[in-house]
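Below: the structure, in structure tokens.
The values are calculated or read from the model by the stated rules, or taken from the named source; none is laboratory data. Every value quoted in this text rests on a predicted model; they were computed, and no experiment measured them. Every residue, glycine among them, receives a Cβ derived from its backbone with ideal geometry; neighbour counts consider all protein chains shown.
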């Protein structure tokens, strides 16, 4: 397996400053696992342009310890690529394009970078799962559970607790005019406006979502009448590459579910040549451009959690799951599968599930001010098994059965992709990318036998998890499941009714 590191990672790794513990652990782990660490020729050329001769010579001498990517693909000949990322206007853009294009063309398995611009381009190109931050790379290539990396927990806070002088707000002050922004910030703080906030390791703000529960018309074109909506007033992520944006969306959706709100929206100022990763992100979860505000010309992106009656018969299962998440189709068209999962993996994959059988479990987003496992709290997840089943398709439902301690069906997800009979650990790692709670060692061990990878979206936990005894007495099962197994729609309905699934979000 080969990993590309960008110029900034190299400088961070090789300069005279003390490097972070996680970067040291990552480099050590990659070396132990025999992963090849490469640098791009453009990174070398970039270092050669350093005007400080002494520093330049030291940096170039250290490059000899790394492999140079051979015959890198030329992005300048790919019009599709250029249409997505744009024509470079400066040398740094040219270097970034050359680096990210190597990942886009699969010259390497992953790129490790802390560069926000590279992460944005990766999202626009659809290769965000192959573009990792240091923490994400360490999560995949960790040595064991003791070395697992975490992010600081998100906090549900009030605006008045935020430091308006944090550099995080600089771009917002520019977009909206410094004085106007400060006036708005003061007014909303005094009103007690709430927010979700994520702090970077140095204490500065890395991501922020200020929200408001509204029940009023929008002064917009077209006009949106008075109605209950959750407004995402400020949704900005500076700490790109750690799935914080997805976590924020999950929190906003959970707020809507708990408060019986069916619509949420945000407004956006479009800039020239803008391919903001936020727009790519919200598009994945059903936000649509529906108009603009009359006073400011800001674009309105609106998401509905439940489709209108007229839409239900026009959309396929995957479209419903994507456009109206957390709603999902569970009618007779899609197949249903019970998926056994060991408690160890269940706890990591579904950290919000409140197990009654174990004393300790992974913390969720706001349970305490410590840290949490990112992948266990996100919406998009990956499951792996050595099952030989070949009948699972996108749109089907997977009902996870926690074996071992609880022996209960606990959770429902919607299948996005299925990849069967895989024995190449590198290919599996590239497929699961940032969704995985499995380490490289876990994947390597499992891939010794044919492996199935199921990429899915988490939708809900059963209000009343059903035990194997319940399932057997209801004739849903003859015995506790040992491997992935299909069940009839009629048996699924028994689980749905007995498990108390919120039918507000089921379409059939």
- Criterion violated by residue 419 - all others in (1) closer than 19 Å to residue 336 by Cα; (2) in a loop (DSSP other than H, G, I, E, B) satisfied: (2)
- Message: Looking only at the stretch 340-352, filter to residues that are assigned to a loop (DSSP other than H, G, I, E, B) and surrounded by fewer than 21 Cβ atoms within 10 Å (Cβ to Cβ); which one of those is modelled with the highest pLDDT?
- Response: 342
- Looking at the stretch 319-339, which of the residues that are in contact (Cβ under 8 Å) with a residue 24 or more places away in the chain and in a helix (DSSP H, G or I) is surrounded by the most Cβ atoms within 10 Å (Cβ to Cβ)? 321
- Determine if the stretch 368-376 includes at least one residue that is in a strand (DSSP E or B) and either over 20 Å from residue 435 (Cβ atoms) or modelled with pLDDT of 90 or more (or both). no
- Message: Given the condition farther than 17 Å from residue 407 by Cβ, part of a helix (DSSP H, G or I) and either touching a strand residue (DSSP E or B) at 6+ places or on another chain (Cβ under 6 Å) or in the same structural domain as residue 382 (by TED's automatic domain parsing) (or both), answer yes or no: does some residue in the stretch 468-490 qualify?
- Response: yes
- With respect to residue 88, determine if the residue is in a loop (DSSP other than H, G, I, E, B), without any contact (Cβ under 8 Å) to a residue 24 or more places away in the chain and surrounded by 15 or more Cβ atoms within 10 Å (Cβ to Cβ). yes
- Counting only residues that are assigned to a helix (DSSP H, G or I) and in contact (Cβ under 8 Å) with a residue 40 or more places away in the chain, which one in the stretch 97-120 is farthest from residue 136 (Cα to Cα)? 98
- Does residue 265 satisfy being touching a strand residue (DSSP E or B) at 6+ places or on another chain (Cβ under 8 Å), at pLDDT 95 or above and either in the same structural domain as residue 503 (by TED's automatic domain parsing) or within 28 Å of residue 86 (Cβ to Cβ) (or both)? yes
- Note on the structure: Checked the stretch 59-78 for anything surrounded by 13 or more Cβ atoms within 10 Å (Cβ to Cβ), in a helix (DSSP H, G or I) and at pLDDT below 90; matches are 59, 60, 62, 63
- Condition set part of a loop (DSSP other than H, G, I, E, B) and more than 24 Å from the chain's Cα centre (by Cα), scope the stretch 285-306, selection surrounded by the most Cβ atoms within 10 Å (Cβ to Cβ): answer is 298
- For the stretch 466-490, enumerate the residues that are in contact with a helix residue (DSSP H, G or I) (Cβ under 7 Å, 6 or more places away or on another chain) and buried (at least 20 other Cβ atoms within 10 Å of the Cβ). 466, 476, 477
- Item | Failed condition for residue 212, given (1) part of a helix (DSSP H, G or I); (2) more than 14 Å from residue 164 (Cα to Cα); (3) without any contact (Cβ under 8 Å) to a residue 40 or more places away in the chain | (1)
- Task: Return yes or no: is residue 60 closer than 14 Å to residue 9 by Cβ and touching a helix residue (DSSP H, G or I) at 6+ places or on another chain (Cβ under 9 Å)?
- Result: no
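Listed here are the residues, each with its yes/no results for (1) assigned to a strand (DSSP E or B); (2) modelled with pLDDT under 90.
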residue: 206; (1), (2): yes, yes
residue: 230; (1), (2): yes, no
residue: 242; (1), (2): no, yes
residue: 254; (1), (2): no, no
- Item | Complete set of residues in the stretch 196-232 that are more than 28 Å from residue 129 (Cβ to Cβ) and within 21 Å of the chain's Cα centre (by Cα) | 210
- Query: Are any of the residues in the stretch 397-414 over 21 Å from the mean Cα position of the chain (by Cα), without any contact (Cβ under 8 Å) to a residue 60 or more places away in the chain and outside any strand (DSSP E or B)?
  - Reply: no
